[in-house]
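S.K.: Dropping a structure here in structure tokens format, bear with me for questions.
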Amino acid sequence: MSKLSFIASYLQERDDYTIICHVSPDGDTLGSGLALYGALQKLKKSVQIVCEDALPKVYAFLPFSGALKKPAEAAQTRNVISVDCAARDRLGTAETLFANARHTLNIDHHVTNAEYADDNCVWDTAAAGEIFFDLLEMMGLIDPDIATCLYTAIMTDTGNFAYSNTSPETLHAAAELIEDGADNAYINRCVYRTMPFSKVRLLGYALAHIELYCNGRLGLSRITRQDFEDAGATCEDVEGIIDHIRDVDTVEIAVLVRESAEAGACKVSLRSKTSLDVGDVAARMNGGGHKRAAGYTDHGTLDEVCARALQMAGALLSGE
């Protein structure tokens, strides 16, 4: 039995589901999770969808997004499915729901996935949304609302189809989803052409802090808690900022370090413009991601975390 057939049988034969989106949710985990939520509703299943963090405003247009619950508000269910989540700790406080389930299923596309569930279905695709497109198309469950969710998932994890992970299969899926009712122009406008002023201000601070190293091949910026406060911004406003560092013409590796709400902790995001494997750097710091897009959490002062990130990224550039 193929992985897709296994998941289809799993969804059809069972009931009483919780879908978990990962902490700091992005378009892929939300689009995929909400598409699965809509599909299970069409199958007349009992289903809830949870995430530790609130829905980012940029994704408020997504169908079914009003159903997203905090883990503390959710009931325990027999079956729990994690979506686009490479490691168990990315479940956040929803991990309790996962731990107490009778059966767990992990559906993901990260090659660093730790395969932490009872059943693990992991493909190396451009986005988790691509897996769910293949699944829900096979099951005949895609309607305009589900198509909107899946198109958003795939579009955001491919950088609006600009990243090197975009394959012919990815574009085929996108075309099919437009035929199924996804409004690509509307989705693009919601995600990429509508920005709160708080994010514009935070972007300004981040751009002002960019410094180049290794003869311009390495770009790093930092965002402090004070920057967040001055901009009136939240962590969701960080999404996409690192792309501006990577867009500097000489930069091959981009690093964005931001202070988190937890005292003494920083979030580090990494992007590679070429074939350099920043996912390996993140994995060594107990993080994860992909070859050209990854991240991890580090502890220490902002200067200390930046110094470690620079050392590791510099070593990658020099082939060490």
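S.K.: Within the accessible area of the range 67-169, what % is carbon and sulfur when the probe is 1.4 Å and the other protein chains stay in place?
M.R.: Details: 1780 of 4000 Å².
Of the solvent-accessible surface of the range 67-169, carbon and sulfur hold 44 percent.
S.K.: Another question, if that's okay. Taking the chain as the reference, fit the longest principal axis to its C-alpha atoms, fit the long axis of helix 302-318 to the helix C-alpha atoms, and give the angle between the two in degrees, 0 to 90, nearest 10.
M.R.: The helix 302-318 is inclined about 90 degrees to the chain.
S.K.: While we're here: Using only Cα atoms, tell me the angle between helix 168-179 and the longest principal axis of the chain; keep it within 0 to 90° and round to the nearest 10.
M.R.: 60 degrees
S.K.: Which chymotrypsin sites (Phe, Trp or Tyr not before Pro) from the range 2-59 combine a DSSP loop assignment with at most 16 other Cβ atoms within 10 Å?
M.R.: Sparse-neighbourhood loop chymotrypsin sites (Phe, Trp or Tyr not before Pro): none present.
S.K.: Quick one: putting +1 on the C-beta of Lys and Arg, -1 on the C-beta of Asp and Glu, what dipole do you get for the chain around its Cα centre, in Debye to the nearest 20?
M.R.: So the magnitude is around 320 debye.
S.K.: Students sometimes get this wrong: rank Glu304, Glu52 by accessible area, probe 1.4 Å, all chains present, largest first.
M.R.: I get Glu304, Glu52, largest accessible area first.
S.K.: Another question about this same structure. Mind telling me which of Ser198, Ser221, Ser275 comes out most flexible in a GNM of the chain, alpha-carbon contacts under 10 Å?
M.R.: Taking springs between Cα atoms under 10 Å, the residue moving most is Ser275.
S.K.: To continue, here is another question. Using square roots of five times the C-alpha gyration tensor eigenvalues, list the equivalent-ellipsoid semi-axes of the range 1-156 in whole Å, biggest first.
M.R.: Values: eigenvalues 68, 65, 51 Å².
Working from the Cα gyration tensor, I get semi-axes of 19, 18, 16 Å.
S.K.: Give the cross-link partners of Lys70 among the aspartates and glutamates, using a straight C-alpha distance below 13 Å as the criterion and excluding same-chain residues fewer than 8 apart.
M.R.: Answer for Lys70, where 13 Å is the Cα cut-off: Glu52, Asp53, Glu95, listed by chain and number.
S.K.: I've got another one for you. Can you show me the helix-derived [θ] at 222 nm for the chain, built from DSSP H runs with n ≥ 4 at -39,500 (n - 2.57) apiece and divided by the number of residues, rounded to the nearest 500. Please list the in-between numbers first.
M.R.: Numbers: 12 runs with 127 residues, N = 320.
One gets -12000 deg cm²/dmol as the mean residue ellipticity at 222 nm.
S.K.: List the Cys residues of the chain that have no partner Cys with a C-beta closer than 4.7 Å.
M.R.: Here Cys85, Cys121, Cys149, Cys190, Cys214, Cys235, Cys266, Cys306 come out as lacking a disulfide-compatible partner, given the Cβ-Cβ threshold of under 4.7 Å.
S.K.: So, one more: Rank these by accessible area, largest first, 1.4 Å probe: Phe132, Phe161, Phe197.
M.R.: Values: Phe132 0, Phe161 50, Phe197 145 Å².
Order by accessible area, largest first: Phe197, Phe161, Phe132.
S.K.: Rolling a 1.4 Å sphere over the protein heavy atoms, what is the accessible area per residue of the chain, to the nearest Å²?
M.R.: So the chain comes to 43 Å² accessible per residue, rounded to a whole number.
S.K.: Just to be sure I understand: of the beta bridges DSSP finds with both ends in the chain, what percent are antiparallel, rounded to 5? Write down the numbers at each step before the final one.
M.R.: Numbers: 19 of 45 bridges.
Here the share of antiparallel DSSP bridges comes out near 40 percent.
S.K.: Return one number: the angle in degrees, 0 to 90 and rounded to the nearest 10, between the long axis of the Cα atoms of helix 197-208 and the longest principal axis of the Cα atoms of the chain.
M.R.: Value to nearest ten degrees: 40.
S.K.: Taking the full set of protein chains and a 1.4 angstrom probe, give the accessible area of Asp303 in square angstrom, rounded to the nearest 10.
M.R.: Spelled out: Asp303, probe radius 1.4 Å, area about 100 Å².
S.K.: Can you compute 3J(HN,Hα) from phi for each residue in the range 76-90, using the Karplus curve 6.51 cos²θ - 1.76 cosθ + 1.60 with θ = phi - 60°, rounded to whole Hz and x for Gly and Pro?
M.R.: 6, 10, 6, 10, 10, 10, 8, 10, 6, 10, 6, 9, 4, 5, 6
S.K.: Hey, if you put +1 on the Cβ of every Lys and Arg and -1 on every Asp and Glu Cβ in the chain, which of Tyr151, Ile253, Ser198 ends up farthest toward the positive end of that dipole?
M.R.: Selected residue: Ser198.
S.K.: Please report the spacing between the Cα centers of the range 160-201 and the range 71-95 in Å, no decimals.
M.R.: Distance between centres, Cα-based: 27 Å.
S.K.: Pull up all non-local amide H partners of Thr112: gap of 5 or more, or a different chain, and H-to-H distance under 5 Å with H placed in the peptide plane.
M.R.: HN-HN under 5 Å from Thr112: Gly289.
S.K.: How large is the charge dipole for the range 42-153, taken about the Cα centre, if only the Cβ atoms of Lys, Arg (+1) and Asp, Glu (-1) carry charge, to the nearest 20 debye?
M.R.: 540 debye
S.K.: Starting from 0.36 nm per residue, how many nanometres of slack lie between Glu115 and Ala162 once their C-alpha separation is accounted for?
M.R.: Contour length minus Cα-Cα distance gives 14.0 nm.
S.K.: Still on this structure, I have one more. Would you mind working out the magnitude of the charge dipole of the range 196-320 relative to its Cα centre, with +1 at each Lys and Arg C-beta and -1 at each Asp and Glu C-beta, to the nearest 20 Debye?
M.R.: Dipole about the Cα centre, nearest 20: 260 debye.
The values are calculated or read from the model by the stated rules, or taken from the named source; none is laboratory data. Only a predicted model underlies this, so the values are computations on that prediction, with no experimental measurement involved. Using ideal geometry, Cβ is built from the backbone for each residue, glycine included, and neighbour counts are taken over all protein chains shown. Only protein heavy atoms, including side chains, enter the accessible area calculation; ligands, DNA and RNA are left aside. Shrake-Rupley method; radii C 1.70, N 1.55, O 1.52, S 1.80 Å.
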